[in-house]
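Since the structure comes first, as structure tokens, the remarks are kept for the end.
The values are calculated or read from the model by the stated rules, or taken from the named source; none is laboratory data. What you see is a predicted model, and the numbers here were worked out from it, not measured in a lab. Every residue, glycine as well, gets a Cβ built from its backbone with ideal geometry; the counts of neighbours run over all protein chains shown. We work out accessible area using only protein heavy atoms, side chains counted, and drop any ligands, DNA or RNA first. Shrake-Rupley method; radii C 1.70, N 1.55, O 1.52, S 1.80 Å.
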Amino acid sequence: MTGSPSRLIRRAAQAEADVHVPVAIVGGGACGLTAALMLADAGVDCVVLERDALPSGSTALSSGFIPAPGTRTQRAHGVQGDSAERFATDIQAKAHGRAAPALVEAYAASIGPALDALQERHGLQWMLLDGFLYPGHSVHRMHALPQKTGASLMAALQAAAEAAGIPVLAEALVDTLVLDGEDCVIGIEYVRPDGGRETLACDALLLACNGFGGNAEMVRALLPEMAEASFGGHAGNDGSAILWGEALGARLRDLGGYQGHGSWVTPQGALMSWAVMMEGGVQINREGRRFHDETEGYSEAAVHVLAQPGGIAWNVFDAPLLALARGFPDFCEAEAAGALRRCETVAALADCIGCEPSMLQATLDAMRAGTPAPDGRVFARALEAPYFAVKVTGALFHTQGGLDTAPDMRVLRHDGTPFPNLLAAGGAAGGVSGDAVWGYLSGNGLLSAVAGGYIAARTAAALIQSTKASK
């Protein structure tokens, strides 16, 4: 596999560095900051290195929703019958059994304690989204901060890191990992904005940088169906972890897995919540037809939308669903930018879409309450005038494949043995969505970021304590 930028491995007996830290973390998104906060709780010093001037990453561009069973928040809402086992079953059902079983079990068991720890020790106040079920979830378990945005989640994590005294070194582009002859990471090298190079020595390294969605060459090679799709993720998702892994002889996993989204508002470039689709909205193409069962999931919807004429669809809904949509900040921003069209009649809606009114009328007539549509979807009610429409396309948000890891987040070699002190989590590692777009269960991205960061911190802390004991 090839792909820019250059990510290097340097072998040395020791790292020539002025500064030494027990744990270095590459990437200041949700994964890296969660790991740093958990390390602080364990009394282990770390440094987070972030390429941007302000940590944001894919998390800030997301809705900030995290699925978790058994949390204090879930119990406070009276949700009964959820468990890590039930969550794991939902994950595997969406992935058709093709998600890594050990990781599914590890993430499902760790995400609840992770959210509780962030709440109890670092002030993140979760709310439960209990007005609807996201695709594939059998119970209400989606958590968010009250603002319901990824940007607010990142702001809360940054504030917590600052309060904990965790050093976050911004504008530090890590390009080289330094390992000794025993495959132990002993340091990293990074570039500063003025072109200067610096080295940081460490006892353990966590790669919490993201996937390869921002690397056009890798996307063309590994996800050809998304080669021409809009990219709704972070430009820093350049495949660094995979490139380092290749150079090290690390095993890779599920490179065909990714999160797409079939509701990328165009041309405004904003995300429209899929809750509208789950509660009765539909996607209609330029011919005036529905073309898939929208309740199957927003990730695979990206491929369905891109397959339509011009790669375009219209999200169509009515007044009650508009009220639901306006509860999501991303939709409000899209509406403010002029994305929402109001149509008083079917003829006006057809004119907006550019289709024949008769075909559109037949499509809407097929949405009779209680009667399965040809694709199997059953509607609770038909849409009523006035109608509302938003023009959308399919987009790639983030990849779900990456470095293969053990359940403790240690990176694995080709032979399945772990590197001694190299860890990866979040977008840098293979996730729990299997190897295809349809395997993505809503929230899997932040699940792997937060749970992975939580687990990696425990592993790194144990490595540091073991190192101290041996000296």
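Could you state how much accessible area GLU300 has, in square angstrom rounded to the nearest 10, with a 1.4 Å probe and all protein chains kept in place?
20
Please report, as a whole percent, how much of the solvent-accessible surface of the chain comes from carbon and sulfur atoms (probe radius 1.4 Å).
Working: 8840 of 17270 Å².
Of the solvent-accessible surface of the chain, carbon and sulfur hold 51 percent.
Rounded to whole Å and sorted largest first, what semi-axes of the equivalent ellipsoid does the C-alpha gyration tensor of the range 42-117 yield via the square root of 5 times each eigenvalue? Could the numbers behind the result be given before it?
Details: eigenvalues 141, 63, 42 Å².
Output for the range 42-117: semi-axes of 27, 18, 14 Å.
I want to make sure I understand the PRE zone here: with the label point 7 angstrom from the Cα of LEU8 toward its beta carbon, which residues in the range 190-224 have backbone N atoms less than 12 Å away?
190-191, 197-198, by backbone N distance to the label point.
On a 0 to 90° scale, report how tilted helix 30-41 is relative to the longest principal axis of the chain, with both axes built from alpha carbons and the result rounded to the nearest 10.
On a 0 to 90 degree scale, this one is about 50.
Given a 1.4 Å probe and heavy atoms of the protein chains only, how would you sort GLU384, GLU335, largest accessible area at the top? List each step's numbers first, then the result.
Details: GLU384 125, GLU335 55 Å².
Result, largest first: GLU384, GLU335.
³J(HN,Hα) across the range 290-303 via Karplus (A = 6.51, B = -1.76, C = 1.60, θ = phi - 60°), whole Hz, x for Gly/Pro?
6, 9, 6, 7, 5, 7, 5, x, 7, 5, 5, 4, 4, 5
What is the distance in Å between the Cα centres of the range 315-340 and the range 401-444?
Between the Cα centres of the range 315-340 and the range 401-444 lies a distance of 36 Å.
Starting from the Cα of GLU333, step 7 Å along the direction of its Cβ; do the same at ASP194; then give the gap between the two resulting points in nm.
For the pair GLU333/ASP194, the computed spacing is 3.4 nm.
Around ILE284, what is the net charge, scoring Lys/Arg as +1 and Asp/Glu as -1 over all other residues with Cβ under 11 Å from its Cβ?
Working: positive: ARG286, ARG289, ARG290, LYS391; negative: GLU287, GLU294.
Spelling it out: positives minus negatives among the neighbours equals +2.
Cα-based Rg (one decimal) and Dmax (whole number) for the range 283-391, in Å?
Over the range 283-391's Cα set, Rg and Dmax evaluate to 13.4, 37 Å.
In the range 420-471, how does Rg compare with the Kirkwood Rh, expressed as the Rg/Rh ratio over alpha carbon atoms?
Reported Rg/Rh (Cα atoms, Kirkwood Rh): 1.15.
For the range 152-254, compute the orientation-averaged projected area of the C-alpha convex hull (one quarter of its surface), in nm².
9.0
Can you give the direction-averaged projected area of the convex hull of the alpha-carbon atoms in the range 62-177, in nm²? Provide the component values of the computation, followed by the final result.
Values: hull surface 36.7 nm².
For the range 62-177, the mean projected area of the Cα convex hull comes to 9.2 nm².
Restricting the count to DSSP beta bridges whose residues both fall in the chain, what percent are antiparallel, rounded to a multiple of 5? Walk me through the numbers on the way to the answer.
Details: 44 of 68 bridges.
If I count the DSSP bridges inside the chain, around 65 percent turn out antiparallel.
Taking the Cα centre of each part, how many Å lie between the range 168-188 and the range 80-141?
Using only Cα atoms to place each centre, the spacing works out to 32 Å.
Two decimals is fine: what is log10 I(q)/I(0) at q = 0.05 Å⁻¹ for the chain, from a Debye sum with one equal scatterer on every Cα and no solvent?
Those come out to -0.18, one per q.
Over its Cα atoms, what ratio of radius of gyration to 2.2 N^0.38 Å does the range 1-137 give?
Values: Rg = 18.6 Å, N = 137, 2.2 N^0.38 = 14.3 Å.
That works out to 1.30 for the range 1-137.
Send over the per residue convex hull volume for the range 378-471, Cα only, as a whole number of Å³.
Numbers: hull volume 13.7 nm³, N = 94.
It comes to 146 Å³ per residue, whole-number rounded.
R0 = 25 Å: FRET efficiency of THR417 with ALA216, Cβ-based, nearest 0.05?
Once rounded, the FRET efficiency stands at 0.15.
Please give me the summed charge of the neighbours of ASP293: other residues whose Cβ is under 9 Å from its Cβ, Lys and Arg +1, Asp and Glu -1. Kindly include the intermediate steps, with their values, before the conclusion.
Values: positive: ARG290, ARG377; negative: GLU294, GLU296, ASP375.
Net charge in that neighbourhood comes out at -1.
For THR459, what charge total do you get from the other residues with a beta carbon under 9 Å from its beta carbon, if Lys and Arg give +1 and Asp and Glu give -1?
Numbers: positive: ARG410, ARG458; negative: ASP408.
Result for the neighbourhood of THR459: +1.
Using R₀ = 25 Å, calculate the FRET efficiency as 1/(1 + (r/R₀)^6) where r is the Cβ-Cβ separation of ALA369 and THR89; round to 0.05.
Between ALA369 and THR89 the formula returns 0.25.
Can you compute the charge dipole magnitude of the chain about its Cα centre, using +1 on each Lys and Arg Cβ and -1 on each Asp and Glu Cβ, nothing else charged? Give it in debye, rounded to the nearest 20.
Numbers: 32 positive and 49 negative charges, 102 e Å.
It comes to approximately 480 debye.
Quick check on the chain: helices-only [θ] at 222 nm, where DSSP H runs of length 4 and up contribute -39,500 (n - 2.57) each and the sum goes over total residues. Nearest 500, please.
On the way: 15 runs with 157 residues, N = 471.
About -10000 deg cm²/dmol.
When each pair of different Cα atoms in the range 358-403 is counted once in the 1/r mean, what is the Kirkwood radius in angstroms, to one decimal? Numbers along the way, then the final one.
On the way: mean 1/r = 0.0730 Å⁻¹.
Over the range 358-403, the inverse of the mean reciprocal pair distance is 13.7 Å.
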